[in-house]
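Undergrad: Got a structure here, written out as structure tokens. Questions coming.
The values are calculated or read from the model by the stated rules, or taken from the named source; none is laboratory data. Everything numeric in this text was worked out from a predicted model, so none of it was measured. Backbone-built Cβ (ideal geometry, glycine too); neighbour counts: all protein chains shown.
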Amino acid sequence: MQNNELTGKLFDIKGFSVHDGPGIRITLFLKGCPLRCPWCHSPESRAFHTELNWIEKKCVGIEKRAPCIDICPQGAISPQPDNGKEVRRIIIDRTKCDNCGECANVCTAGALIMCGTDYTVDEIVERIRREEPFFNRSGGGVTISGGECLCQPEFTREVLKRCKGKGIHTAVDTSGYVEWDVIESILPYTDLFLYDIKGIDAALHEQVIGVPNTLILENARKIAAAGAKIHIRIPVIPGYSDSAEVFEDIGKFVIELGSAVEAVQILPFHKLGTVKWLRIQNDMPICEAKPPSDELIEARKKQLEDMGLNAIVY
């Protein structure tokens, strides 16, 4: 396959992004992730395939018009029981749905949409080109994120390579849960790694997130040793990663990485992803934790600063 024929599956493209690296950026969100964080604020990023999303508030109800019910070849869509509500909407049986997209094609209200679009490298580079005036004025660039963008390594590498060829600053937002040779292959084209560290306790990491963290920590060490620039990102999840002990462990690990780490970004948990869970499935592992208080976040920030680290709250 020629490089210009490479395709990547994205679930979002965000222009004028200001939280994914320096300056004003465009962030490319690639689909698919091997981690299973219960607090994930982009659950639509987890599956590697294009999947059906249902936006309940846009559904006009079966009384007005519901061609989605008749057109579904798997019989996965049916009316909600008549419970006396003003608007009687649909039910999607996810065990029958094969994400064919037929229902989305006939949903004029935009309540049914397919999440996951394939783009060629050329199409993405052309989209990036339109943002260059913002990069040039702000010192921004391109950030490739996910899901886990390094699970689509060839596409990610080619986009980074094309950007570097144009002198555009590049950043990769990654969990680090990929084989080292994948990361090694993008090192020449990546100016900054936004690197998630969700905890140091190996057993707890695997229990909660579904994968061990050995590879993640090893790759962080290797990236630092290679001389790359890193911003460590710590999600603050009540009951999991909000304690002083957890931050002490992460802080010590970050210090071990040395001068490669330019900043530690503290990312307080929020519930903005809850509505996205409702779009893709009925039985959701939604994190029921409450967002951490400002006082706790400030205490964790000071804790890292007292360790000599440049801590930033996002």
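Undergrad: Looking at segment 158-169 only, could you name the residues that are in contact with a Phe, Trp or Tyr (Cβ under 7 Å, 6 or more places away or on another chain) and surrounded by 22 or more Cβ atoms within 10 Å (Cβ to Cβ)?
TA: Leu160, Ile168
Undergrad: Just to be sure, is Val182 in contact with a His (Cβ under 8 Å, 6 or more places away or on another chain) and under 19 Å from Leu30 (Cβ atoms)?
TA: Values: in contact with a His (Cβ under 8 Å, 6 or more places away or on another chain): no; under 19 Å from Leu30 (Cβ atoms): yes.
When the stated conditions are applied, Val182 does not pass them.
Undergrad: Which residues, taken from segment 77-96, are surrounded by 10 or more Cβ atoms within 10 Å (Cβ to Cβ), in a loop (DSSP other than H, G, I, E, B) and within 28 Å of the chain's Cα centre (by Cα)? Lay out the reasoning, then the answer.
TA: Start the filter on segment 77-96 by keeping residues that are surrounded by 10 or more Cβ atoms within 10 Å (Cβ to Cβ), which leaves 77-80, 85, 87-94, 96.
From what is left, the residues that are in a loop (DSSP other than H, G, I, E, B) are 80, 85, 87-89, 93-94, 96.
Scanning segment 77-96 gives Asp93, Arg94, Lys96.
Undergrad: Here are some conditions: (1) part of a helix (DSSP H, G or I); (2) polar (S, T, N, Q); (3) closer than 16 Å to Ala47 by Cβ. Asn99 meets all but one. Which one does it not meet?
TA: (1)
Undergrad: Name, by its number, the condition in (1) closer than 25 Å to Ile183 by Cβ; (2) at pLDDT below 95 that does not hold for Lys229.
TA: (2)
Undergrad: Name, by its number, the condition in (1) under 30 Å from Trp180 (Cα atoms); (2) modelled with pLDDT of 95 or more that does not hold for Ala299.
TA: Every condition holds for Ala299 apart from (1).
Undergrad: Okay, next question. Do the conditions hold for Ile250, that is, is it in contact (Cβ under 8 Å) with a residue 60 or more places away in the chain, of a type outside the set (D, E, K, R) and at negative phi? So that I can check it myself, show each step before the final result.
TA: Working: in contact (Cβ under 8 Å) with a residue 60 or more places away in the chain: no; of a type outside the set (D, E, K, R): yes; at negative phi: yes.
Answer is no for this residue.
Undergrad: Quick one: Ser42 ticks every box in (1) surrounded by fewer than 20 Cβ atoms within 10 Å (Cβ to Cβ); (2) under 30 Å from Ile232 (Cα atoms); (3) at pLDDT 95 or above; (4) small (Gly, Ala, Ser) except a single one, so which number is it?
TA: The one condition Ser42 does not meet is (3).
Undergrad: Can you pull out the residues in segment 9-36 that are of a type in the set (Gly, Ala, Ser) and in contact with an Asp or Glu (Cβ under 7 Å, 6 or more places away or on another chain)? Give the derivation first.
TA: Of the residues in segment 9-36, the ones of a type in the set (Gly, Ala, Ser) are 15, 17, 21, 23, 32.
If the condition is that a residue be of a type in the set (Gly, Ala, Ser) and in contact with an Asp or Glu (Cβ under 7 Å, 6 or more places away or on another chain), then Gly15, Gly32 are the ones that fit.
Undergrad: Given the conditions (1) surrounded by fewer than 15 Cβ atoms within 10 Å (Cβ to Cβ); (2) farther than 23 Å from Glu44 by Cβ, and given that Gln303 satisfies all but one, which numbered condition is not satisfied?
TA: Of (1) surrounded by fewer than 15 Cβ atoms within 10 Å (Cβ to Cβ); (2) farther than 23 Å from Glu44 by Cβ, only one is false for Gln303: (1).
Table: residues versus (1) touching a Leu at 6+ places or on another chain (Cβ under 7 Å); (2) modelled with pLDDT of 95 or more; (3) not hydrophobic (A, V, I, L, M, F, W, C).
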position	(1), (2), (3)
Gly75	no, yes, yes
Arg94	no, no, yes
Thr108	no, no, yes
Cys115	no, yes, no
